[in-house]
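Visitor: Can you keep this structure in mind? I'll have questions shortly.
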Amino acid sequence: MSVLMNLAMFPTDKLGSKSKEVSEVLSIIKNSGYKYQLTSMSTIVEAKTLKELLDLLNLCYLKLEELECNRVYISVNFDARTSGEDRISSKIKSVEEHIGDVSK
């Protein structure tokens with residue numbers, strides 16, 4: 001099984017840049033050992049099960065709670081498939097087979 005999670009999470013009760021809090025969330029993801037890809041709008045994470053990603057999502061939220069963020073925006077999407085692995089890369093490669101290199 002392969003599950004992809006597209007996650008955007010940041011506090012809405014803090015003024016200015018959110019990069020410090022986003023960095024704290026990304027640190028949780030980075031230290032999880034799951035394959036991930038940071039983009040300018042969100043982070044994509046791949047795991048074998050939905051439960052693994054739900055647990056990771058909770059850890060990310062708890063980190064923001066620990067940082068005294070009283071209101072948090074969370075946008076999350078999942079793509080679960082019973083087969084496959086390294087879909088973060090393979091989905092891009094599949095499109096590139098049709099149109100060539102895409103912006104990376």
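The values are calculated or read from the model by the stated rules, or taken from the named source; none is laboratory data. Note that the structure is a prediction, hence the values are computed from the model and not measured. Ideal geometry is used to build each Cβ from the backbone, glycine not excepted, and the neighbour counts take in all protein chains shown.
Visitor: So, of the residues in region 59-78 that are of a type outside the set (A, V, I, L, M, F, W, C) and in a helix (DSSP H, G or I), which turns out to be surrounded by the fewest Cβ atoms within 10 Å (Cβ to Cβ)?
Guide: Looking at residues that are of a type outside the set (A, V, I, L, M, F, W, C) and in a helix (DSSP H, G or I), I get Glu66.
Visitor: While we're here: List the residue pairs whose Cβ atoms are under 9 Å apart, where the first residue sits in region 78-92 and is farther than 20 Å from Lys51 by Cβ and among the hydroxyl-bearing types (Ser, Thr, Tyr), the second is surrounded by 14 or more Cβ atoms within 10 Å (Cβ to Cβ) and modelled with pLDDT of 90 or more, and the two are 6 or more positions apart or on different chains.
Guide: Cβ pairs passing all conditions: Ser89/Lys35; Ser89/Gln37.
Visitor: Which of the residues belonging to region 79-96 are closer than 25 Å to Val22 by Cα and surrounded by fewer than 12 Cβ atoms within 10 Å (Cβ to Cβ)?
Guide: Selection gives Asp86 alone.
Visitor: Determine whether Ala47 is buried (at least 17 other Cβ atoms within 10 Å of the Cβ) and at pLDDT 95 or above. I'd like the intermediate steps shown before the answer.
Guide: Working: buried (at least 17 other Cβ atoms within 10 Å of the Cβ): yes; at pLDDT 95 or above: yes.
Judged against the criteria, Ala47 is a match.
Visitor: Here's something else I'd like to know. Exactly one condition in (1) free of Cβ contacts under 8 Å to residues at least 12 places away in the same chain; (2) surrounded by 13 or more Cβ atoms within 10 Å (Cβ to Cβ); (3) over 15 Å from the mean Cα position of the chain (by Cα) is not met by Leu54; state its number.
Guide: Every condition holds for Leu54 apart from (3).
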